[in-house]
Amino acid sequence: MKRLYEDPPGLVPVAYLPVGDLAEALRDADGWRARANVCLSFLARVRLAPLYVLAVVVIGLVLDHAVSEQTRLRVVLANSSNVANLGQHRIWTLVTSAFVLDGQVRVFVMVQLLLLLAVAEVMWGWRRLLEVFFVSNAVASCLVYGLLLAGVRANRIDSAITMASDVGTSYGTHAVAGALAFTLPVRARRFLVPLALGVAAVPLLFDATFTDVGHLLATLLGFLAGWQMRRRPLAGRVRRPARPRAGRTTAYSFADVAQARAALTTALRLQERLRLRLDDAVVAWSDGRRRTHLRETREMSAIDGACAGGCWGVVLGTFVGLPLIGLVVGAAGAAAVAHWHDAGLRDSTVDATVRALPAGRGVLLLLGDAAGQPAMAAALAGIGATPVPGIAEGAGVADSR
C-alpha cells in the first residue's frame, strides 16, 4: 500500500528547482555560523520579490498622499482589469492592475507579500516566480472578465459591475501560494493544498464577490503551475537549445525506477550548478507485461498542451471579447499539437532502449552537451548507474529549435 508521503513515480523532489537544495546545504553546514552564511547566500539571490513589493508600496503611497482622491480614483479605474477596460482592449491592465492597490498600503500585508514571494523566489528562481505571479494574474483576470461579461449579457448580473475596480496583488498572491503548496513534498502538500483551497473557497459561501471567484481561479492556476514544475523540470527553462549534434544522447540503467529518479535529480542539480547543459531528460521503465512507462522533463503531453494553450487562449480571446471561447479553442489546438509533435528525445528511441533491458530496471536517458558527459558519468557512478551501449551518436533526437 502506497503511503501518503511518497511521491508517485516520475515526480522529482522539490530540490531540483533553482536554489531548491537549501535544505541539503543547511545539513552540510557545520555550526550556526556556517548555516547563517548559507541562508544569507541564498537570500542574496532574492531580487524580484523586493523590487515588486517596493514598486507596489511606492505607487500606493503616491496615490494615498501625493494626489487628490479624484485623481487616485481615476488611476485605479484606468488600470483596473474590469469588464469596461478589457472590453475596450486595454490589455495592459492585465499587468498594471497588479501594481495598484484599491485601498491604503498596509505594512503587515506588504510584509506578508514580501515573505511569500521571497520564499517562492528562493525555491524557484526569479523567472518562474515572474511566470507564476503575472501569468496567473492575467489569466485569472481574463476568466473573471469572461464570466462577468457572460452574466451581464444574460441579464443575470447588474451592468454596473462593468465599471467596478479590479486591482491589487491578490490574484498573483493566491497563485504563488497554491504553486508553493503543490511544489512541496507530499508530506507537507497533503496539509497545505487543502488549506490553500479552503482559504480561497470559503469566502464563496458568504456574500461572494467576483474577486472571490478570481481568488479561487488563481489558486487553481497555482496548483497547475506547481504540478507542472514538479512533472517537467526542464520545461520552464529560458534557453535556446542548439541544433542537435553527435554525441549528445546517453543512457544509464539502474536496478529500479527509484534509483533512476534519484539520478535525474542529480543531473538536474549538476545543470543548476552549470556543470553541464541538458536539453531533455527522460526516466523510463517497463512493467511485467513489457509495457514502457516514461516520465519526460521537457516534452509536452496532450494534457500539458491543453493547460498551456487554454491559458494563452483566454488571454488572446480577450482581444476579441471571447475569452471563454479562446479557452476552449486554445486548449484543443495546443493539445493536438502537443500530441503529434515530438521534440527532444524521440519516444521510439526511449522505447527501444527500455525493451533492450530486463523488466523492472529503470533507465535515465539524457540529451545534453557532450562537454558535460564526464561530470555526469562521475556523478552517476555512485548511484549504481550502468551505461547503456548501442545508442548511436545523435540518434533519437528530434529537432528542438
Report the FRET efficiency, 1/(1 + (r/R0)^6), for Ala352 and Ala66, where r is their Cβ-Cβ distance and R0 is 60 Å, rounded to 0.05.
-> 0.35
Report, in degrees rounded to the nearest 10, the 0 to 90 angle that the Cα long axis of helix 32-43 makes with the longest principal axis of the chain.
-> 70
Equivalent ellipsoid semi-axes for the chain, as square roots of 5 times the alpha carbon gyration tensor eigenvalues: give them largest first, rounded to whole Å.
-> 42, 25, 18
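With a 1.4 Å probe and all protein chains left in place, how much of the accessible area of segment 83-130 comes from carbon and sulfur atoms, in whole percent? Working shown, then result.
Numbers: 1630 of 2400 Å².
Ligands and nucleic acids excluded, carbon and sulfur give 68 percent.
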Normalised Cα Rg of segment 52-120, dividing by 2.2 N^0.38 Å with N its residue count, works out at 1.19
Helix 186-201 vs. the chain, principal-axis angle (Cα, 0 to 90°, nearest 10) = 20
Taking DSSP loops as anything outside H, G, I, E and B, show the longest stretch in the chain free of GluC sites (Glu not before Pro) there with at most 14 other beta carbons within 10 Å.
-> 7-392
At a Förster radius of 30 Å, what calculated FRET efficiency corresponds to the Cβ-Cβ distance of His293 and Asp369, to the nearest 0.05?
-> 0.65
Mind running the shape call on segment 183-224? Use the C-alpha gyration tensor, a ≥ b ≥ c as the square roots of the eigenvalues: rounded below 1.5 for a/c, prolate if a/b tops b/c, oblate otherwise.
-> oblate
Gyration tensor (alpha-carbon) shape descriptor, segment 67-200, a/c threshold 1.5 = prolate
Using the Cα gyration tensor of segment 301-383, the equivalent ellipsoid's semi-axes, largest first and to the nearest Å, work out to 39, 16, 10
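Compute the accessible area per residue over segment 100-170, keeping the other protein chains in place, probe 1.4 Å, unit Å². Mind showing how you got there, number by number?
Numbers: 3410 Å² over 71 residues.
Result: 48 Å² per residue.
Could you please state how large a percent of the accessible area of segment 281-326 is carbon and sulfur, counting protein chains only and using a 1.4 Å probe?
70
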Dipole magnitude of the chain about its Cα centre (Cβ charges: Lys, Arg +1; Asp, Glu -1), debye to nearest 20 = 800
Mean projected area in nm² (Cα convex hull; one quarter of hull surface) for segment 121-260 = 12.8
Highest-first arrangement of 204-212, 223-231, where packing means the average Cβ count within 10 Å = 223-231, 204-212
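The values are calculated or read from the model by the stated rules, or taken from the named source; none is laboratory data. Given the structure is predicted, the values throughout are model-derived calculations rather than measurements. As a convention, Cβ positions derive from the backbone with ideal geometry for all residues, glycine included, and neighbour counts pool all protein chains shown. Surface accessibility is based on the protein's heavy atoms, side chains included, excluding ligands, DNA and RNA. Shrake-Rupley method; radii C 1.70, N 1.55, O 1.52, S 1.80 Å.
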